[in-house]
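Nothing in this text is a laboratory measurement; each read-out follows from the coordinates by a stated rule. Because the structure is predicted, anything quoted here is derived from the model rather than measured. Using ideal geometry, Cβ is built from the backbone for each residue, glycine included, and neighbour counts are taken over all protein chains shown.
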Amino acid sequence: MNQMNKYLFGFFLFLLARIAEAQDTTQKIIPGRINSAEQQKKPYVILISADGFRYDLAEKYHALHLLQLREQGINASYMQPAFPSLTFPNHYSLVTGLYPAHHGIVDNTFFDKKKQAMYSLGNKVAVADSSWYGGTPLWVLAEKQHMMSASFYWVASESAIQGTRPSYYYVYNDIISMDRRIEAIKNWLQLPEDKRPHLITFYFPEVDHQEHTFGPNSKETEEAVHLVDESMGKMVKTVDSLGLNVNFIFLSDHGMTYIDTVATISMPQAIDTNKFVITRGGSISHLYAKDPVDIRPTYEALKKEARDYDVYLAKKLPKRWHYSKKDDVYDRTGDIILVAKMPKAFRFSRRKMPVAEHGYDPAFPEMRASFYAWGPAFREHMKIEGFENVHVYPLIAEILGLDITEKIDGRVKVLKPFLKE
């Protein structure tokens, strides 16, 4: 190795070290909490999300552990995400039982007129700010009823929603090894009963990352599916060795589809960028008018121009999306909303286009998510029809014996029949 290569190699190692230092890998523990005597007798639920794990990927790539595990319990044909079929809105719908327009996380990126601020999944400050989040996440529901919870990543788990975080949690980063993450679950479940979490959330990002970069039919995505599958095998074996009453729910937030990366949708001529705050997603874009007088004429002009996308006023979106102005509790959806016609995608900036995308109408099969569940609470060897993801919240509350304290969109009657008496 010549001197220049040694220098570059040393600089590379230095950068890696600095990146590692910048990511917080320490477990956070909220002091002073205990399980009440009543909650110590309750079952356990581990809720696992594999981001972008489309409903057909387990079969497509022969995920042997998952195929075997789901046969022990409940295997849904698919789970339908909420609109838009994006990561942050749907992860938060799963743990609140609310549609995005009802819990406030209406997109991965959106604008709040009252705050005059933008929320974005890449903005660490916004992500940790509890004022963005409505509803009562499962861990908040549990903690307020004196049941301890833990999170190895989940949307909003780092934020003190209603003043409450999980008793044990980690700030999201991508450098903690999978073995260490699984070891953390084992350690949590070996704590004394008064300190042991009964609800644990766990998150895999790998499949989504590889799908965006290489596509759902790629060898890289296949490898990511196998990583998740092997990790699930290790997790279940580790947990089963403890002899506890643990129930597993494995699911995903959305599916994925290839997009047209050549004939992309550019910024429409009808939009005066000086008159609107604009989000720049691939499948959906929100236009927030600085002056309401500009809404109607821009909408009419867009309708004439639109070819590869649909144009909606906030008051007139499809009812089944639960996304119209009357649903918009926090006034965070755009005054005008543009939705690309799959497989078309918006390109309103110079950002590199992914190979595949999601966020489209949840009715498309390509957007469908996975749902498998097994453990002592579930009936066995059952194949069930597809359902909306908002029904997961009341299912978990039912298993854990938690009282739901506010109105939600999910209904316990949808999935309760698949629990043992």
**OP:** Could you order peptides 398-408, 382-392 by the average number of other Cβ atoms within 10 Å of their residues, highest first?
**Re:** 382-392, 398-408
Subject >> Violating pairs (Cα-Cα greater than 31 angstrom) within the set K275/K319; K325/K407; K114/K407; K124/K407; K195/K326 >> reply: K195/K326
Original post:
Restricting to the chain, what percent of DSSP beta bridges are antiparallel, rounded to 5?
Top reply: 55 percent
Original post:
For the stretch 102-257, rounded, prolate or oblate, judged on the Cα gyration tensor with a ≥ b ≥ c (square roots of eigenvalues), a/c < 1.5 rounded, else prolate if a/b > b/c?
Top reply: oblate
Subject >> Taking N as its residue count, the alpha carbon Rg of the chain over 2.2 N^0.38 Å >> reply: 1.01
Subject >> Kirkwood Rh and Cα Rg combined as Rg over Rh, evaluated for the stretch 276-357 >> reply: 0.96
**OP:** Output the relative contact order of the chain, whole-number percent, from Cα pairs under 8 angstrom with separation of 6+ residues.
**Re:** 29 percent
Original post:
If you count, for each residue, the other Cβ atoms within 10 Å and average over each peptide, how do 65-77, 123-135, 47-59 line up from highest to lowest?
Top reply: 47-59, 65-77, 123-135
Subject >> Summed side-chain charge close to L400 - residues other than L400 whose Cβ falls under 14 Å, Lys, Arg +1, Asp, Glu -1 >> reply: +1
**OP:** Please compute the Cα-Cα pair-distance distribution of the stretch 139-190 with 5 Å bins starting at 0, giving whole percents from short to long.
**Re:** 5, 19, 28, 24, 15, 8, 1
**OP:** Give me the lysines in straight-line cross-link reach of K383: C-alpha distance below 26 Å, same-chain residues under 8 apart excluded.
**Re:** K60, K234, K237, K413, K416, K420
Subject >> Separation between Cα centres of the stretch 365-410 and the stretch 141-211, rounded to whole Å >> reply: 19 Å
Subject >> Dipole magnitude of the stretch 206-259, debye to nearest 20 (Cβ charges: Lys/Arg +1, Asp/Glu -1, about Cα centre) >> reply: 200 debye
**OP:** Kindly state, to the nearest 0.05, the FRET efficiency for N245 paired with L121, given R0 = 51 Å and r defined as their beta-carbon distance.
**Re:** 0.90
Subject >> Leading residue at positive end of dipole, the stretch 267-421 (Cβ point charges), from A377, T405, N389 >> reply: N389
